[in-house]
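Presented below is the structure to which this report refers.
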Amino acid sequence: MMASPSKVDLEYCQQLPKVELHAHINGSISPSTLQKLAVKTNSSSDKSVKETLNEIHRWRTLVEKRERQTMNGCFQTFKLIHRVIKDVKAVSMVTYDVIKEFASDGVKYLELRSTPRDDATNGMTKRLYIDAVMKGIELCELDGIDTIVKFLPSIDRRMSLEEAGEVVSLALEYQASTDKCVGLDLSGDPQFGDVKALVPLLQRARNHGLKLAIHTAEHQGCNEESRILLGIPPDRIGHGTCLHPEAGGDQDLVDTVVRSNIPIEMCLTSNLIGGAVESPASHHLKYWMNKNHPCVICTDDKGVFSTNLSEEYLLAADTFNLSRHDVWDMSEGAVDCIFGGETIKGLLRTIWAKEKIKLGLGEAGVLNGESL
Ligand code: 6MZ
């Protein structure tokens, strides 16, 4: 049987102009960047780094087969990656490579997030870490990579109040001195940390104009915590897997998200591999799409979960039987959810309008004269 011309396929998803709003830099590291590190390590014959790279490779092999893992496994893998990305040179290199890879997947606007780290043995401080990310972004600009990139420093839930305060102060400082730092992310292993204590810091950041992307309800049993975080309120929600009653959440949480119209960053493969959802069909994207709620398809950690944004769009389309027009609407709708400001939104809308014509999508619901 011939495939229907209007069926969503990988090529269509690759051609689609896309916005990526939930990408952790170190979780996005690709096998080719790891390979570069391996080559460097071979020359320095550092055994422990070599072993760590092998362990990351073993994880990738399981994930490539789409074998379901655990959240603990994911967080162990981040720790392994941190062990090999331990100086500012490596941070700039990963940032540069990650941007280039998103750009070649058709991402026109990218918000990267990353947790500033200190590493005394390599002279790295949180400030130098952010500088290294900025350098990676600037090098991409100099090389003419055609993707607008913004940055959100991350607070890890396990940070002390003092450390989290340092991240907020740095984020505010960089927001004032560059146009790249547009917000703040709260992430980290959801099993740990007292987010209640972080709320005044997050509110301070928001009051000073930083947008907040907050991971919440990644697993069941955190309704009270979600209630507290939604009270801030965040400008976008990361995952929100278990906000709705059918997934162990509460109706009042859903009502708050709907009332405040807070977009949700949806990361299908991440939730499947990490075991947060049972199957693609049970992913909460469907629940929120049925409500016409703003949902943005994202990768989370394209390296750790062996995916890319086009594949995530395809997975959503295959799972929920979305038409080319539905998929287009999702990518276009993501523009409304960026933290980069109204001027950039206008610029992106112009790009989307041009790409729509190139893709042969005419009037709404019509592709090359065929009704979808
Ligand atoms: C919560 C996550 C995450 O910051 O070193 N991170 N936090 N849930 C997730 N879902 C799977 N995926 C990644 O990138 C890695 C860090 O991002 C956060 C974790 O804190 C992880 O250590 P960076 O660039």
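The set of residues from the range 180-227 being surrounded by fewer than 18 Cβ atoms within 10 Å (Cβ to Cβ), assigned to a helix (DSSP H, G or I) and within 15 Å of the ligand (Cβ to nearest atom) comprises just one member, Glu225.
Annotation for the range 300-307: no member residue is open to solvent by 10 Å² or more (accessible area, probe 1.4 Å) and more than 16 Å from the ligand (Cβ to nearest atom). The requirement of being under 22 Å from Phe75 (Cβ atoms), within 16 Å of the ligand (Cβ to nearest atom), of a type outside the set (S, T, N, Q) and open to solvent by 10 Å² or more (accessible area, probe 1.4 Å) is fulfilled nowhere in the range 248-259; no residue meets it.
Can you name the number of the only condition in (1) within 29 Å of Arg58 (Cα to Cα); (2) without any contact (Cβ under 8 Å) to a residue 12 or more places away in the chain that Thr125 fails? So Thr125 meets the others, but not (1).
Quick one: in the range 74-90, which of the residues that are touching a residue at least 40 places away in the same chain (Cβ under 8 Å) and near the ligand (Cβ under 10 Å from one of its atoms) is nearest to Tyr129 (Cα to Cα)? Spell out how you get there, then give the answer.
Quick first cut of the range 74-90, residues touching a residue at least 40 places away in the same chain (Cβ under 8 Å) only: 74-75, 77-78, 81-82, 84-85, 88-90.
Those left that are additionally near the ligand (Cβ under 10 Å from one of its atoms): 74-75, 77-78, 81-82, 85.
Details: Cys74: 23, Phe75: 20, Thr77: 20, Phe78: 17, Ile81: 15, His82: 12, Ile85: 11 Å.
Here the answer is Ile85.
Just one of (1) at pLDDT below 95; (2) buried (at least 20 other Cβ atoms within 10 Å of the Cβ) fails for Met71. It is (2).
Considering only residues that are in a loop (DSSP other than H, G, I, E, B) and in contact with a Phe, Trp or Tyr (Cβ under 8 Å, 6 or more places away or on another chain), which ones fall in the range 321-353? Outline the logic, then answer.
Looking only at the range 321-353, we keep the residues that are in a loop (DSSP other than H, G, I, E, B), and these are 321-323, 338-341.
Hits for the range 321-353 are Ile338, Gly340.
Scanning the range 97-111 for residues that are away from the ligand (no atom under 14 Å from the Cβ) and out of contact with any strand residue (DSSP E or B) (no Cβ under 6 Å at 6 or more places or on another chain) returns Lys100, Glu101, Ala103, Ser104, Asp105, Lys108. Would you mind stating whether Asn54 is of a type outside the set (Lys, Arg), more than 13 Å from the ligand (Cβ to nearest atom), open to solvent by 80 Å² or more (accessible area, probe 1.4 Å) and out of contact with any Ser or Thr (no Cβ under 6 Å at 6 or more places or on another chain)? Spelling it out, Asn54 is indeed of a type outside the set (Lys, Arg), more than 13 Å from the ligand (Cβ to nearest atom), open to solvent by 80 Å² or more (accessible area, probe 1.4 Å) and out of contact with any Ser or Thr (no Cβ under 6 Å at 6 or more places or on another chain). Contact annotation: residue pairs with Cβ atoms under 7 Å, 6 or more positions apart or on different chains, pairing a residue in the range 181-208 that is free of Cβ contacts under 8 Å to residues at least 40 places away in the same chain with a partner that is open to solvent by less than 10 Å² (accessible area, probe 1.4 Å) and away from the ligand (no atom under 16 Å from the Cβ), are Leu184/Ala205; Leu184/Leu210. Search the range 30-43 for residues being more than 26 Å from the chain's Cα centre (by Cα) and open to solvent by 70 Å² or more (accessible area, probe 1.4 Å), and hand back the single one that is modelled with the highest pLDDT. The extreme case among them is Val39. Residues in the range 113-141 that are surrounded by 23 or more Cβ atoms within 10 Å (Cβ to Cβ), in contact with a helix residue (DSSP H, G or I) (Cβ under 7 Å, 6 or more places away or on another chain) and not in a helix (DSSP H, G or I): Ser114, Pro116. Give me the residue from the range 142-173 that is more than 16 Å from the ligand (Cβ to nearest atom) and closer than 19 Å to Leu21 by Cα and, out of that set, least open to solvent (accessible area, probe 1.4 Å). Out of the qualifying residues, it is Thr147.
Taking the conditions (1) more than 15 Å from the ligand (Cβ to nearest atom); (2) within 30 Å of Gly333 (Cα to Cα) in turn, Ala23 satisfies each one other than (1).
Here is a check on your reading of the model: is Ile228 within 17 Å of Asp189 (Cα to Cα) and modelled with pLDDT of 95 or more? No; evaluated as a whole, the condition is false for this residue.
The values are calculated or read from the model by the stated rules, or taken from the named source; none is laboratory data. Since the model is a prediction, treat every value here as computed from it, not as a measurement. Here the Cβ is made from the backbone with ideal geometry for all residues, glycine too, and neighbour counts use every protein chain on show. We work out accessible area using only protein heavy atoms, side chains counted, and drop any ligands, DNA or RNA first. Shrake-Rupley method; radii C 1.70, N 1.55, O 1.52, S 1.80 Å.
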